[in-house]
Amino acid sequence: MCAALLTMLMLPRQRVNLSTRLLNSPTRNIIIKMGLLTGKTALITGAARGIGKAIALKFAEEGANIAFTDLKIDENGEETRKEIEAKGVKCLAYASNAANFEETAEVVNKIKEDFGSIDILVNNAGITKDGLMLRMTEQQWDAVIAVNLKSAFNFIHACTPIMMRQRKGSIINMASVVGVHGNAGQSNYAASKAGLIALAKSVAQEMGSRGIRANAIAPGFIETAMTAALSEDVRKEWMKAIPLRRGGQPEDIANVATFLASDLSSYVSGQVIQVDGGMNM
């Protein structure tokens, strides 16, 4: 067996579609496809379902090993882990309360121990507890700020020392168009998402000299279990406001996240990318 063929067989089977490496053989050329994220480890919060799951699957397709967290790893979370692992990468799931500072530090240390590095952090954990300002309770406000915004601070605080030692890293905060433009009845959610944008911009300024980039994605109307619960009338009103006349798919967000996680965006930092079908121009 020729040396080049033996090398190919010893490499992981995960191969994706954009960059390629050419190995020369005395008898033929063997092309081995490499993913955009091959060799990287991505930590994604709230990835058992929805947008977070779509990002994890896309990252895995591009060769990244995946560590994901959720409040609890139930049967659904375990199925997600198996789906990701089936892409040919390493994947581990961790039960963690992202809003707890000490618990986050512990889980990040464990992930670093299990994977050896943390190259990409996606702060995706989020909840909604909507209500008009005059009817909103303190508990509604505090819960949304804790899960959506404080959790991102917790993970960035724990991950940046690791990234600094590596002299590289990409941080992606999952914001929302609501965080850019506001929305009646969602003052807590809007404030948390606006905070994620400002957090990304601030971290980008602080950490840029250490090789760490930070950006935010602001999704618009995305077809998830959360939006599926809306009435048909509400959905139709949303569609009228979108120039592309359709809702987005979780994969639309995953594609942008892949760009920001990869070296294709090596000179992009401190930015907010709205993925909303042209709804807010």
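The values are calculated or read from the model by the stated rules, or taken from the named source; none is laboratory data. Just so it is clear, the structure is predicted and the values come from calculations on it, not from any experiment. All Cβ positions, glycine included, derive from the backbone under ideal geometry; neighbour counts span all protein chains shown.
Structure summary
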read-out	value
In segment 52-83, the residues that are under 14 Å from the mean Cα position of the chain (by Cα) and among the hydrophobic types (A, V, I, L, M, F, W, C)	54, 55, 56, 57, 59, 60, 64, 66, 67, 68
Options 192, 231; residue that is modelled with pLDDT of 95 or more and of a type in the set (Ser, Thr, Tyr)	192
The listed residue being assigned to a loop (DSSP other than H, G, I, E, B) and either among the polar types (S, T, N, Q) or closer than 26 Å to residue 256 by Cα (or both), out of 148, 97, 109, 154	97
Test: residue in segment 164-184 that is assigned to a helix (DSSP H, G or I), without any contact (Cβ under 8 Å) to a residue 12 or more places away in the chain and surrounded by fewer than 24 Cβ atoms within 10 Å (Cβ to Cβ)	yes
Residue check for residue 120: in contact (Cβ under 8 Å) with a residue 24 or more places away in the chain, more than 23 Å from residue 165 (Cα to Cα) and of a type in the set (A, V, I, L, M, F, W, C)	no
Enumeration of residues in segment 185-194 that are in a helix (DSSP H, G or I) and not hydrophobic (A, V, I, L, M, F, W, C)	187, 188, 189, 192, 193
Conditions (1) of a type in the set (Gly, Ala, Ser); (2) under 23 Å from residue 256 (Cα atoms); (3) in a helix (DSSP H, G or I): number failed by residue 126	(3)
Pair list, Cβ under 6 Å, 6 or more apart: segment 201-222 residue of a type in the set (Lys, Arg), other residue in a loop (DSSP other than H, G, I, E, B)	201/270; 213/269
All positions within segment 112-123 that are surrounded by fewer than 21 Cβ atoms within 10 Å (Cβ to Cβ) and in a loop (DSSP other than H, G, I, E, B)	116, 117
Set 197, 253, 273: member being more than 20 Å from residue 41 (Cα to Cα), at pLDDT 95 or above and in a helix (DSSP H, G or I)	197
